[in-house]
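Here is the structure we will look at, set down as structure tokens.
Quick note: the coordinates plus some simple rules give every number you see, no bench work behind them. Only a predicted model underlies this, so the values are computations on that prediction, with no experimental measurement involved. Please note: Cβ atoms are built from the backbone with ideal geometry, for glycine as well, and neighbour counts cover all protein chains shown.
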Protein chains: 4
Amino acid sequence: MTGHLPSFELDIRITYADTDQMGVVYYSNYLVFFEQGRTELMRHLGVRYKDLEETEKVGLPVTEANCRYRAPARYDDLICVRTKIKRIGGVHMEFEYEVVNKETGQTLVEGFTRHVFVNEKWKPTPVPKSLLAKLHTD
Amino acid sequence: MTGHLPSFELDIRITYADTDQMGVVYYSNYLVFFEQGRTELMRHLGVRYKDLEETEKVGLPVTEANCRYRAPARYDDLICVRTKIKRIGGVHMEFEYEVVNKETGQTLVEGFTRHVFVNEKWKPTPVPKSLLAKLHTD
Amino acid sequence: MTGHLPSFELDIRITYADTDQMGVVYYSNYLVFFEQGRTELMRHLGVRYKDLEETEKVGLPVTEANCRYRAPARYDDLICVRTKIKRIGGVHMEFEYEVVNKETGQTLVEGFTRHVFVNEKWKPTPVPKSLLAKLHTD
Amino acid sequence: MTGHLPSFELDIRITYADTDQMGVVYYSNYLVFFEQGRTELMRHLGVRYKDLEETEKVGLPVTEANCRYRAPARYDDLICVRTKIKRIGGVHMEFEYEVVNKETGQTLVEGFTRHVFVNEKWKPTPVPKSLLAKLHTD
């Protein structure tokens, strides 16, 4: 599937814990924001990631992550993480992210994560039908 | 047991990731250093914490943690975490920590953590004999 | 001041990043939740912590932190951090926290943090009047 | 410069804090390991990153980061971060990383980070001569 795929916007307030001594958000923390973005996108679609794990016995580990840093976020900034499903099918899923400063609209970070669906033995397994169904009714 | 109990010194280099925009180590990170301290103290005694979990089926969750912050650690500082077993017996274990600046000797943080031994159902369970044996031969 | 002091409730969704291999929130992360709690309590009072730093040139480093862990929070739980100002006066400020599971109401963690107001040279300095004013109009 | 460029191997012990509830290292933590890798590579060359900032007034923010996850690292694993300078010149620097399980030799993660040298106003600035000198004597 690569047609019109769902997206979601999640606001996050930058904490002291997120910053480093350069006064900006430490670079690994955007991957945590990406996780929050894709989880809330899926919840918005009616799929709780936790249920995929507990009910469907399916996990979605990351196989690749990429971040391009355009401008820094700073302490107490309100940022918006725009998450899109870029591609889903077979045993794979890919998300795209754009992080913007909520006040100025400036793009701060762009990135993507690629994932593989796995069963309880960490073997690749097809996209759960429950998830595909949610995408089709969209 | 409250007699002469073992201690261990672990050196840790402060990373950028550890700092915040005040230019000092963010306060929650000392609890991570404490974890590293007690794990290496136990390894030094001949007990791998991982084996307690996997072989003895015993966990050691934290019931209380305390930190008193005396002076800040900064980026690239080499610190030393001095970990002591303060008390062990029944279903409980307590560690004490002193974090010092390795170069100046200054005390940066003092703290403790209290733990309870639990079985696979998270029910309190006695100190594993394998661990007590290591303490006695000390 | 120790009379009726303000409090605030902040909801936080537990992420994968917060958990550890025991399947529960790693113990140091509650100190991050405490930071979020006190920041939002102050914002609710009309004081942006960032402005204290940038406008008033005052910082509020932690001198002591304490957590008692009653029950674990798990992935995707919605928790509520109840933050209270326990004491403010002289050069000091103290917050109390109770973290509860939003769905069950169960208390998960209780704790406190003690802070000292410092000027740009990290010397103790009185509570900013702008902050005291907000408390009095409450 | 793209000839034979220096590399460095840094051993890191996986902590509980690094893991998530899947029982493996949470994906953003490899970016922290990368930071530790490049810092120690530079120290090995005789350049303290801290001195670049404090003495040369030069920073090295990340413009892009990439991780490909091949296999998971688990609690208490000893991993080795192999860091190479891939490219340095103009205002840019690029590092390559391979994370391997120290015991089995298995490749766990491969990645890179791209950086730009900036002055105190965060404007791009040439590679510091002190750093180039260390590379040439190599």
Whole-Hz Karplus ³J(HN,Hα) for region A:15-27, in order, using 6.51 cos²θ - 1.76 cosθ + 1.60 and θ = phi - 60°, x for Gly and Pro? 9, 4, 4, 6, 8, 10, 6, 6, x, 10, 5, 5, 5
With θ set to phi - 60°, apply the Karplus curve 6.51 cos²θ - 1.76 cosθ + 1.60 along region C:5-12 and write out the HN-Hα couplings as whole Hz, x wherever there is a Gly or Pro. 10, x, 9, 8, 10, 10, 8, 9
Taking the Cα centre of region C:1-80 as origin and charging only Cβ (+1 Lys, Arg; -1 Asp, Glu), how large is the dipole, in debye to the nearest 20? 160
For chain A, build the charge dipole from Cβ charges (+1 Lys, Arg; -1 Asp, Glu) around the Cα centre, then report which of A:H115, A:H136, A:F34 sits farthest towards its positive end. A:H136
Size of charge dipole - region D:7-136 - debye, nearest 20, with Cβ of Lys, Arg +1 and Asp, Glu -1, no other charges: 500
Please arrange A:L78, C:L131 by counting, for each residue, the other beta carbons lying within 10 Å of its beta carbon, fewest first. A:L78, C:L131
Whole-Hz couplings from phi, Karplus 6.51/-1.76/1.60, listed for region C:67-84; x for Gly and Pro: 9, 10, 9, 8, 7, x, 9, 10, 3, 6, 4, 9, 10, 10, 9, 9, 10, 10
Taking the dipole about the Cα centre of chain C, with the C-beta of Lys and Arg at +1 and of Asp and Glu at -1, give me whichever of C:P126, C:V81, C:M93 is farthest to the positive side. C:P126
Would you mind computing, in nm to one decimal, how far apart the modelled labels at B:R48 and D:V91 are, each placed 7 Å from Cα along Cα→Cβ? 4.9
Let me see the P(r) profile for region D:7-136: every Cα-Cα distance counted, bins of 5 Å, each bin given as a percent of all pairs. 2, 11, 20, 22, 17, 12, 9, 6, 1, 0
Just to confirm a number: summing +1 for Lys and Arg and -1 for Asp and Glu over residues other than C:R82 whose beta-carbon lies under 9 angstrom from that of C:R82, what do you get? -2
Taking the Cα centre of the protein assembly as shown as origin, work out the dipole magnitude from +1 charges on Lys and Arg Cβ and -1 charges on Asp and Glu Cβ, in debye rounded to 20. 0
Amide H partners (placed H, <5 Å) of D:Y26, local residues excluded: D:T19, D:D20
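Could you please report the charge total around C:R68, scoring K, R as +1 and D, E as -1 over all other residues with beta-carbon less than 12 angstrom from its beta-carbon? The partial results should precede the final answer.
Details: positive: B:R114, C:R70; negative: B:E64, C:E96, C:E98, C:E110.
Every neighbour counted, the sum reads -2.
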Rounded to 0.05, the calculated FRET efficiency for the beta carbons of A:A71 and D:T107 at R₀ = 30 Å is 0.35
Report, in deg cm²/dmol and to the nearest 500, the calculated mean residue ellipticity at 222 nm for chain B, where each DSSP H run with n ≥ 4 adds -39500 (n - 2.57) and the sum is divided by the residue count. -6500 deg cm²/dmol
Give me the angle, in degrees from 0 to 90, between the Cα long axis of helix A:29-45 and the longest principal axis of the Cα atoms of chain A, rounded to the nearest 10. 50
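Distance cut-off 20 Å, Cα to Cα: go down the list D:K86/D:K134; A:K102/C:K57; A:K57/B:K57; B:K50/D:K102; B:K102/D:K57 and report the pairs above it.
On the way: D:K86/D:K134 15 Å; A:K102/C:K57 26 Å; A:K57/B:K57 24 Å; B:K50/D:K102 17 Å; B:K102/D:K57 26 Å.
Violating the 20 Å Cα-Cα cut-off are A:K102/C:K57; A:K57/B:K57; B:K102/D:K57.
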